[in-house]
Amino acid sequence: MYRVYTVRDVVRIDPSDFGRPLDEVALEVLKERYEGKIDRNLGVIIMVYDPKVEPMGYLILGDGASYHRVEFKMLTYVPVLNEVVEGFVNDIRRIGLFVSLGPIDGFIHISQIAEEEAQYDEARRGIVCRQSKRFIGRGDLVRARITNVSTSGPANIFRVSMTMRQPYLGKKEWIESYIRRSGGAQ
């Protein structure tokens, strides 16, 4: 789920940036500090924007820079348990699929790809369902439900597990076929 937060912080304006617009310099500092970082509470910080910098800063003895309070917005992505997401398959392994959810990847174990048994097809480099012969390859659009979210390591890296084992989940063509067979009810 994408979220927008309003955040307050203090930015250090280097003396070499004096004379430039304060909001512009503060935005550069904030982007470098936050964008691309992962925070356990906020999620993956995608973008920082709309800084409102207090023009009257303060000085610290021994440092020629000025420090200013700033309020800004940040766009983040937080994977939420049971959320239904769509993404493109960007890697396929014997153990399952890695799906791009935008700023992070989610993983679908081979046992969670379909109701029927699925297996890795090395010749085609994809996953094949045994009975129906349906195929998932790299670049395919899939819809899945998030079943587990955890963070690990000092960088708080998100690990997202997903399933496609229920109606209206799976490869886009599978869902369309399911809708046609069920009479168009959603």
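Only the coordinates and a few stated rules stand behind these numbers; no lab work does. Treat the numbers as computed from the prediction; the structure is a model and nothing was measured. Cβ coordinates were reconstructed from backbone atoms using ideal geometry, including for glycine residues, and neighbour counts include every protein chain displayed.
Worth pointing out:
- Taking the C-alpha atoms only, the angle from helix 22-34 to the longest principal axis of the chain is near 40 degrees.
- Selected from Pro51, Pro79, Pro21 as most flexible by GNM, with the chain as the system and alpha-carbon contacts under 10 Å: Pro21
- In the chain, Cα pairs under 8 Å separated by at least six residues give a relative contact order of 18 percent.
- The amide H of Ser66, built 1.01 Å from its N in the peptide plane, has Ile13 as neighbours under 5 Å, considering only residues 5 or more places off or on other chains.
- Between amide H atoms placed 1.01 Å from N, distances below 5 Å from Lys37 occur with Ile45, all of them 5 or more places distant or on a separate chain.
- For the range 98-125, the residues whose amide N sits under 15 Å from a probe point set 7 Å from the Cα of Asp91 along the beta carbon direction are 98-110.
- Spin-label pair Arg69/Phe18, simplified geometry with 7 Å Cα→Cβ offset, distance in nm: 2.3 nm
- Cα-based Rg of the range 78-166 normalised by 2.2 N^0.38 Å, two decimals: 1.07
- Among Ile45, Ile60, Ile13, the largest mean-square fluctuation in a Gaussian network model of the chain, built with springs joining Cα atoms closer than 10 Å, belongs to Ile60.
- Along its three principal directions, the equivalent ellipsoid of the chain from the Cα gyration tensor extends over semi-axes of 47, 16, 13 Å, largest first.
- The count of lysine pairs in the chain that are at least 8 places apart or cross chains, and whose C-alpha atoms lie under 29 Å apart, stands at 7.
- When the chain is treated as a GNM with alpha-carbon contacts under 10 Å, the residue of Ser132, Ser100, Ser111 showing the greatest mean-square fluctuation is Ser132.
- Relative contact order for the range 65-151, counting Cα pairs under 8 Å that sit 6 or more residues apart, in percent: 31 percent
- Extending 7 Å from Cα along the Cβ direction at Ile157 and again at Phe98 yields two label points whose distance is 0.9 nm.
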